[in-house]
Amino acid sequence: MSTIVTLSGSPSAKSRSHGLLTRASRLLESYGITIRPFTLGDFDAEALLYGKFDDPAVIAFQKAVADAEGLIVATPVYKAAYSGALKLLLDLLPERALHHHAVLPLATGGSPSHMLAVDYALQPVLTSLKARHIVGGIYATERELTWRDDGYLELTLEIEQRLTQAVSRLLAHLPDPGQVLLHPDQLNRQIREARISF
Ligand SMILES: Cc1cc2nc3c(=O)[nH]c(=O)nc-3n(C[C@H](O)[C@H](O)[C@H](O)COP(=O)(O)O)c2cc1C
């Protein structure tokens, strides 16, 4: 079975993009995919800022990516692009780091006007890392992702369905999708039932 690295690019402790990423991860895990999760908090700020390729956490991240077949990268939209902290980390990956990876980008923003940020900002970075296949990403606004009092991130039905489809496409582009049966109704139900608390 395949392994997917997830990379959460929000500096916020309570993050919608991280919540969306977690939902996708839970779904993939239920199909036997191994998830290797990384967040910005796993790295020393100085290592990121000064591009320390020899930092132990950076090396562990590089190795995890090299060993995986897929990557999901989640980011908030900041100033019409992805987060700067995420870029610092992506800059520490070697050339061609994604050459045998299927990649799913996820982004959240305050308004629909930056829904193309993944396409015009993040996608070229993933392409420069030679991503083998980039699955059509998801952009969700704050209105489509609501925190409930119990810490559960509620997705609108449309986002839920789009996430289901995106996860299906990612699975289909892994080298070993195994015996996964991707019936959209089943996937939708599992996304709905997955619980995320902060
Ligand atoms: C510094 C900063 C810049 C932002 N710039 C934009 C922007 O250009 N366009 C937009 O739609 N939302 C913008 N937002 C709103 C965030 O994208 C939005 O709140 C997002 O859901 C945050 O994701 P997170 O909870 O994962 O951190 C900005 C927020 C911050 C803090």
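With a cut-off of 14 Å between beta carbons, the residues surrounding His99 carry a summed charge of 0, where Lys and Arg count +1 and Asp and Glu -1. For Thr6, the amide hydrogen comes within under 5 Å of the amide hydrogens of Arg36, Phe38, Ile72, counting only partners 5 or more places away or on other chains and with H modelled in the peptide plane. Along its first, second and third principal axes, ordered by size, region 3-193 spans 45, 37, 31 Å in Cα coordinates. Structural descriptor for region 3-193: relative contact order 22 percent, calculated from alpha carbon pairs under 8 angstrom and at least 6 residues apart. Entry note: region 76-139 has Rg to Rh equal to 0.97, where both radii use alpha-carbon atoms and Rh is the Kirkwood radius.
DSSP H helices in the chain with Cα extent of 15 Å or more along the helix axis and mean Kyte-Doolittle hydropathy at least 0.5?
Those that pass (Cα extent of 15 Å or more, hydropathy at least 0.5) are 56-67.
Once you divide the Cα radius of gyration of region 106-151 by 2.2 N^0.38 Å, the number left is 1.41.
Bridge orientation summary for the chain: considering DSSP beta bridges with both residues in this region, about 15 percent are antiparallel.
Do any chymotrypsin sites (Phe, Trp or Tyr not before Pro) in region 37-122 lie in a DSSP loop with no more than 14 other beta carbon atoms within 10 Å, and if so, which?
Listed in order of number, the matching sites are Tyr50, Phe53.
In loop segments of region 83-154 as defined by DSSP, the trypsin sites (Lys or Arg not before Pro) with at most 13 further C-beta atoms inside 10 Å of their C-beta are Arg96, Lys130, Arg148. Lysine pair count for region 48-134 with Cα-Cα distance under 17 Å and sequence separation of 8 or more or different chains is 5.
Any read-out appearing in this document is the output of simple, stated calculations on the displayed coordinates, not a laboratory observation. The shown structure was predicted, so the numbers you read here are calculated from the model rather than taken from an experiment. In this analysis, Cβ positions are derived from the backbone assuming ideal geometry, glycine residues included, and neighbour counts consider all displayed protein chains.
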